[in-house]
Structures are given as structure tokens and as C-alpha cells.
Amino acid sequence: MNRVPNAAQLPPIPREWDREADIVVIGSGATGMPAAIVAREAGCSVIVVEAEGDIGGHAITSGGNVPLGGGTSVQKQYGIQDTPDLLFRDLTDWSVVGPNGFPDYRYNDREVIRAFADNSAPCFEWLLAHGVVFVDKGPDESGGNSVGNSVPREMHCMVGAWDTVQTGRPADPAVQKTRSSGNGLMRPLEVAARKCGVDILLEHRMTHLHRETPYSGPVLGIAVDHNGATLNIRARKAVIVGTGGSTGNLNFRRMFDPRLTEEYCGLAGSPWSDQDASGELAAMAVGASLWGFFNQTGEFGANVTKAGSIGCQYNYRNLQWFPGSRVFHRARASGLKVANWQDLIMVNMLGRRFYDETGGQYVANNYDHVKDYVQGSYLNAKNFKFAPNNFLNAALAGIDDGHNGGGPIWAIFDSDALDREGWIPAPPHVDIAEGFFFSADRLADLAEKIVMKYQRVKMPPANLEETVARYNSFVDTGVDRDFGKPKPLYKIQKPPFYAAWATPVVHDTRAGLRINGQCQVVDMNGEIIEGLYCGGESAGGFSQHGLARSACQGYIAGNVAVEEPTR
Ligand SMILES: Cc1cc2nc3c(=O)[nH]c(=O)nc-3n(C[C@H](O)[C@H](O)[C@H](O)COP(=O)(O)OP(=O)(O)OC[C@H]3O[C@@H](n4cnc5c(N)ncnc54)[C@H](O)[C@@H]3O)c2cc1C
């Protein structure tokens, strides 16, 4: 894990630099790529350092749904009247709450949102001009979240004929023009970056920033690790942090939510790339401030999600890894995609059910999600009752033993369920070797077998037998007397029996470094750190799921950073 250096531990500014460029961008994802291209096309030399062996970050694994609005050419083409002012008011509307009562926008930073609103449509046109092709239809409300309630804004990047990172192969030709995917965003941007001469250094992981003095003066460059060797790269004008957030860093994410202990290892977007807070930590070590914590802990969007696949570590519902992927050796299994949560029960480490398995996860706002929406009306909030989506809260509650975190959650089912779902209980579908999937002919034996690094107490076999027997009795009566599952449908009775990893997933980062409207990083005194910029999931103050805010902030940072003096 990335350790937090203090100012005294920072290495000295190098007398000689190994490389230099006007602008150094950290990370080649949704923020970094636009920033790099904009800066290069403005005449600056640009180096992008990327920790992984390929570009793209979480953005390339994403669904490619991009809510850029404020009056784009496509909105106009479809007769949708949107303006920067409307977009700004949407994303700062205190009166909007989700169906569970949580407000998505109330804690957004006005300056950050104003900049997004003003640059949203220009950023969209810029993406079009740089080879990104959107599915040929009008904007809608599907795929992203927290994008505003007044008009549809969601556009969808066409997957095209690029090899997808999930399979290593192109999508079926039948859907290449209609399916949305992050490949369709990031591969065209990679082509554009290489064409204009951005220097992309893969497997170069930024370890810290060089600032003139630890807490004053401009940022002068970065240090990177490249296969064990340290390189120092000078940035004559600016460093732009686009490292993608902090959910993969245990200590960092627990500043926001102490429950998120180590068993939450199924990070969405991993193992393509990590969100290890390295950008935030490096900036904090030279004085940067964090911003907007509520946006990370509020119960909306995809900050924490219910598992979508079971029996594998990386179990985010919108992402499965298949054997052709270049990271399949890290993912190890594709997982069993759950079509019907009636097909199983879910138990904690002790073999006890904790909630209705059909329960949902957090929700968030998009166009049409608030009925009869009137901007700023007190009725928007008044008409919703506070009704948290408690499946996740119950899963994260723990077993009353004084530990934080809910521990592993196991999906328990029988061979009838296997048939109903069409699952294959063997590799590469499930991860038996690392302990994310178990089977046995008797329930008691199944409980005994559940041994893996996050199962810190043994599951008492009698508990699992008792839990299943009680659940089966609910199927007989049609009433779940413990958790109110709507009409339990299927008994768990036909061996073999299975236990599949179904622990919740950590996904978005919505709080990070404090930035201003120009994407300049701000310190603990409220002052700008010269020569340091940030955007995307590593930046705070903006509650929205992903690509639009990241691409737009990269676009802003690139445009502003080129105006910095050369140092
Ligand atoms: C499965 C999935 C589906 C999604 N679908 C959507 C969607 O449809 N719509 C939407 O709006 N959002 C979506 N998102 C969210 C969206 O992808 C992210 O919010 C967005 O990519 C964040 O952009 P970023 O630039 O902050 O980080 P990233 O795109 O993750 O890029 C960060 C990059 O920085 C690199 N990096 C990190 N640390 C270092 C370091 N120290 N040195 C060098 N490089 C480093 C990483 O390896 C990575 O390549 C999805 C996310 C996932 C995981």
C-alpha cells in the first residue's frame, strides 16, 4: 500500500532531471487523455505517465455513457433546449433528493459546477472532433447518474470495432454501432494523443510530486517508479493529476466510511487499473486539501454497490472479465451473473441471513427521476420520504464482534438454482483456487469448507443448516418472516450446495482534492498550489458518476495549464 509521506520524508528536488516536458499528466484515463491532447495541440510538449501496461483506466472499462449537456449539437439536433445555466442550476439544486431521500447535489461546490456547466458542451464537441463516435440517437437518461433532472443529457460512446478490454476481442459486429462502451471513448482518444505527439509512458507509476519547498512555491515535476527504477520528470509549466480516485486505498477510503475494511476487494474497474489514492496522497504531501466529503458518504449512486456477479473477486454488476482479456490472470474468474435474486439466499460470515436478497442498492438522479420536477421547488424534496436502501447497510453492518466492516457475504444456493440460472460451477466462471467459491454435498460440509483470507471466523455448520431450513419453511408458507422478501420462491434442497462470494463492491470516488473552477489544486490555507491541477475522481466537490466530469475537468485543466509561465 502507498504510504503517506510527510514533508520531511520527501526526497530532495533532483539536480538533474531524467525527462522533461511543459506539461506532465499523471494517468491516461478519462481526465488525463483529454488534458494531454488539449495541451499538446496548444503547442506544449506533454508526457503522460501511466502506472499500468495499457492506457484507459476505469474509463476504458466503463459503459461509455457520457452526460455532457448545456446545449450540445446533438441536444439541438433533437430539439432539447439546454443551456449552461440550466445545467448549473440542475447540479446545484438543493431540492433534489433521490427516491431514498438522499440529496445528490446539495453539497456540490458552486465554482466547480459552474466551470463544468460552462465547459460541458464545448468538451462534447471537442470529443467529437477527436474521433469519439456516439451511438446515433438522441440523448437519454440511461447509464450514468446524478446528471440533472431538467432535460436528457446522456450520450453513449459507440463500442465500434476496437478490441474490448473485457474479452480481448471486438464486440459482436451486430452491436458495434449500437452498444455503448468505454473502449469507444478511450481508444479514439489514444489515437488522437499519439497522432499529435503526446509522449505516453506506460508502466510508469508516479510516486510523489516535487514542489519548490514542501509547502510553498510551484510544483516542479514528479518522481515515477519504472520497473523498480526511479525517474524524475520535470514539468516546466504544470503537473495534472488524473489518477482516478481512492477507493482502492484502504486507509484513505475509510476516512469517508470506516466500514469499508479489507474484504471489500471487488473494486469496480479493477484489475484493469487501481484507484490507490496516489494522486491525492502525493498532493496532500505538498499541502493540498481535500473537499466535499458528503459526496462520498451520501447514499446515492455507485459509491458502494450490490454484487452483480458471484463466485469471483471482481463482481461489479456492469463488468465481467473473460479469458481473452489481458488482465484475466489478475481477475482469475468471470463470475456467475445473477439474473434472479430469488435463486439464492445471502448469508454473513456466521451463516445468518441479514436482509431480503432482492433488496436494491443506492439510487441517484437523472432526467425524469423526480416526478413533476420543478427546479428549486421545496415540493421536490417534500414529496419524498426518507427511505434508505438498506440491503447494503445490513450487509456492511457486521457480526457484533467489535470489528468494523460486514465481512464476506456468501450467496448460498443448490443445484436446482444452478439449472435455473444456467451457471457452470467451475473455472473460468468461478474462482475456486483463491477461495471465492465452494461446493459440498451437505450444507454442514459447505460451511466447514469456507476458509479464505477474509473469513476471519469459522461459519458454524449448524447455523447454515438452520438458516436454510428456516428459509425453506418460508418458501412453504410464502412469507419471509425474518426480512420480508417478497414471496420466497425456491427451496435450497438439492445437492450439491454452493457458496459464492457476493460481498458488496466499492466503486466511485466522489470526494478528493480541493480544486477551483480552473482545476487548480488548493491548499489547506485556501490558496492555489502553483503548477498543480487535478480532475476526475481524484478531485472533490462534484457529486456525479464519472466520465463527463472527468473528461470535462481534463479539458479545462489542459486549457488552463498551457497558460502557466515556463519555469
Ligand atoms: C465498470 C465501470 C463502468 C462505468 N461506467 C460509466 C458510465 O457508463 N458512465 C460514466 O459516466 N462513468 C462510468 N464509470 C466511471 C468512470 O469510468 C470513471 O468515473 C472515470 O473513468 C474516472 O476518470 P479518471 O480520469 O478520474 O480515472 P481513470 O479513468 O480511472 O484513470 C486514472 C488512470 O490513472 C492511472 N494511475 C493511477 N495512479 C497512478 C500513478 N500513481 N501513476 C501513474 N498512473 C496512475 C490509472 O492506472 C488509470 O489509468 C464506470 C466505471 C466502471 C469501473
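The values are calculated or read from the model by the stated rules, or taken from the named source; none is laboratory data. No experiment lies behind these values; they were computed from the predicted model shown. Here the Cβ is made from the backbone with ideal geometry for all residues, glycine too, and neighbour counts use every protein chain on show. Calculation scope for accessible area: heavy atoms of the full protein, side chains included, ligands and nucleic acids excluded. Shrake-Rupley method; radii C 1.70, N 1.55, O 1.52, S 1.80 Å.
Contact map, region 105-134: first residue at positive phi, second residue in a helix (DSSP H, G or I) and open to solvent by less than 20 Å² (accessible area, probe 1.4 Å), Cβ cut-off under 6 Å, separation 6 or more or different chains; pairs are GLY131/PRO188; GLY131/ALA192.
Does ASN315 qualify as being farther than 28 Å from VAL451 by Cβ, open to solvent by less than 10 Å² (accessible area, probe 1.4 Å) and either touching a His at 6+ places or on another chain (Cβ under 8 Å) or assigned to a loop (DSSP other than H, G, I, E, B) (or both)? Here the answer is no, as ASN315 does not meet what is asked. Counting the residues of region 527-562 that are aliphatic (A, V, I, L, M), open to solvent by less than 10 Å² (accessible area, probe 1.4 Å) and within 12 Å of the ligand (Cβ to nearest atom) gives 4. Residues in region 452-467 that are assigned to a loop (DSSP other than H, G, I, E, B) and buried (at least 22 other Cβ atoms within 10 Å of the Cβ): 1 in all. Here ARG470 qualifies as open to solvent by 70 Å² or more (accessible area, probe 1.4 Å) and in contact with a strand residue (DSSP E or B) (Cβ under 9 Å, 6 or more places away or on another chain).
Applying the selection to region 115-140, what residues are open to solvent by 40 Å² or more (accessible area, probe 1.4 Å) and in contact with a strand residue (DSSP E or B) (Cβ under 6 Å, 6 or more places away or on another chain)? If the condition is that a residue be open to solvent by 40 Å² or more (accessible area, probe 1.4 Å) and in contact with a strand residue (DSSP E or B) (Cβ under 6 Å, 6 or more places away or on another chain), then VAL133 is the only one that fits. Assessment of region 29-43 against the conditions (under 22 Å from TRP162 (Cα atoms), at pLDDT 95 or above and in contact with a Ser or Thr (Cβ under 6 Å, 6 or more places away or on another chain)) yields at least one matching residue.
Candidates VAL479, VAL506, VAL521, VAL475: the one that is open to solvent by 10 Å² or more (accessible area, probe 1.4 Å), in contact with a Phe, Trp or Tyr (Cβ under 8 Å, 6 or more places away or on another chain) and not acidic (Asp, Glu) is VAL475. Among helices (runs of 4 or more DSSP H) entirely within region 187-300, having at least 1 residues that are away from the ligand (no atom under 15 Å from the Cβ) singles out 250-256, 294-297. Taken over region 381-438, the criterion of being assigned to a loop (DSSP other than H, G, I, E, B), modelled with pLDDT of 95 or more and of a type in the set (Val, Ile, Thr) is satisfied by ILE409, ILE424, VAL430, ILE432.
Taking first residues from region 368-397 that are touching a residue at least 12 places away in the same chain (Cβ under 8 Å) and partners that are assigned to a helix (DSSP H, G or I) and of a type in the set (A, V, I, L, M, F, W, C), the Cβ contacts under 9 Å between residues at least 6 apart in sequence or on separate chains come to GLN375/LEU86.
Of the residues making up region 80-96, not a single one is at pLDDT below 95, among the hydrophobic types (A, V, I, L, M, F, W, C), out of contact with any Asp or Glu (no Cβ under 9 Å at 6 or more places or on another chain) and not in a helix (DSSP H, G or I).
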